Structures are given as C-alpha cells and as structure tokens.
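Have a look at the structure below before the remarks.
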Amino acid sequence: MKKQIIHTDKAPQAIGPYSQGVKYNGFIYTSGQIPFNVEKNELVTTGIQDEVHQVMKNVIAILEEGGTTIDNVVKTTIFVKDLNDFNAVNEIYASYFNDTNFPARECVEVARLPRDVNVEISVIAIAD
C-alpha cells in the first residue's frame, strides 16, 4: 500500500520538510497544527481558547481533505507552552468531540513551539 500525501489550502502550509498529513493503511496522521489562520494570513494570539479553536479548525481541514472527520480521531497529542493553560485547552478541545467518543491522548508542556505559539495539536484518525 502506498502512502498518500494530504494537502489543503484551508490549513497552514508546511514550513519545513513535512506534509500537513499522510494517509496510509487506513489511517490519517496529521502534522502538528498551530493557531495560524490561513484566511487572514496571521497567527491567532487573542488567548489560549481562541488559539485552540483555530488549531482544531486546522486539524479538521486536513482530516476533511483526507476524507474523514473529527469523529474518527483515535489519538491526539497536545503540546502547550504553559500547563497552567490545561483547563482552558481541555474545555475547548473537548467541545470538538462527542462525550462518548473521546480519543486517547497526551498533553505535554514544552519549552517552546514553532513561531512561539502557546499550543500545537496533532492527531491520528481512521480514514473513511
């Protein structure tokens, strides 16, 4: 089975040698998404909740381009600059999932993220 590269203009373009997403063997793997609004061509910096909303919109755009939905996410990885933002991140993140269909995940505090953002999220989803 050959891997398929996923690319959409509805999510930030790769700024290095990686793809927005890869579809392989029944799964979609997204690269980490940051709170970049492609329509406005700018980072969202109006607070952690707005940033998480934008990150999730970017993730969803990649999943949809790959032919699946957020409902098929089986695993997420969340990186935050400050673990004190955990509750706010968790609240917005949870709003994107059905209460009985939460994926597995980890949330890790890191020293620094690309473009000095506060949050980055990547997912693995079942491809439809």
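The values are calculated or read from the model by the stated rules, or taken from the named source; none is laboratory data. This structure is a prediction, so every number in the text was calculated from the model and none was measured. All Cβ positions, even for glycine, are placed from backbone atoms using ideal geometry, and neighbour counts span all protein chains on display. Ligands, DNA and RNA are excluded from the accessible area calculation, which covers all protein heavy atoms including side chains. Shrake-Rupley method; radii C 1.70, N 1.55, O 1.52, S 1.80 Å.
What's the total number of residues in segment 108-127 that are touching a helix residue (DSSP H, G or I) at 6+ places or on another chain (Cβ under 7 Å), under 27 Å from Q4 (Cα atoms) and open to solvent by 50 Å² or more (accessible area, probe 1.4 Å)?
1
Out of all the residues in segment 94-109, is one or more of a type in the set (S, T, Y) and modelled with pLDDT under 95?
Looking only at segment 94-109, we keep the residues that are of a type in the set (S, T, Y), and these are 95-96, 100.
Still in the running and modelled with pLDDT under 95: 100.
There is at least one residue in segment 94-109 that is of a type in the set (S, T, Y) and modelled with pLDDT under 95.
Which fully enclosed strands (runs of 3 or more DSSP E) of segment 67-128 have 3 or more residues being out of contact with any Gly (no Cβ under 8 Å at 6 or more places or on another chain) and in contact (Cβ under 8 Å) with a residue 60 or more places away in the chain?
On the way: elements: 73-80, 104-109, 119-126.
Passing ranges, in order: 119-126.
Since A61 meets every condition but one in (1) open to solvent by 30 Å² or more (accessible area, probe 1.4 Å); (2) closer than 21 Å to I6 by Cβ; (3) touching a Lys or Arg at 6+ places or on another chain (Cβ under 6 Å), which condition does it not meet?
Only one criterion in (1) open to solvent by 30 Å² or more (accessible area, probe 1.4 Å); (2) closer than 21 Å to I6 by Cβ; (3) touching a Lys or Arg at 6+ places or on another chain (Cβ under 6 Å) is unmet by A61, namely (1).
If I ask for residues that are open to solvent by less than 30 Å² (accessible area, probe 1.4 Å) and more than 12 Å from the chain's Cα centre (by Cα), which ones from segment 71-107 would you list?
V80, A88, V89, I92, F97, P103 - these are the residues of segment 71-107 that are open to solvent by less than 30 Å² (accessible area, probe 1.4 Å) and more than 12 Å from the chain's Cα centre (by Cα).
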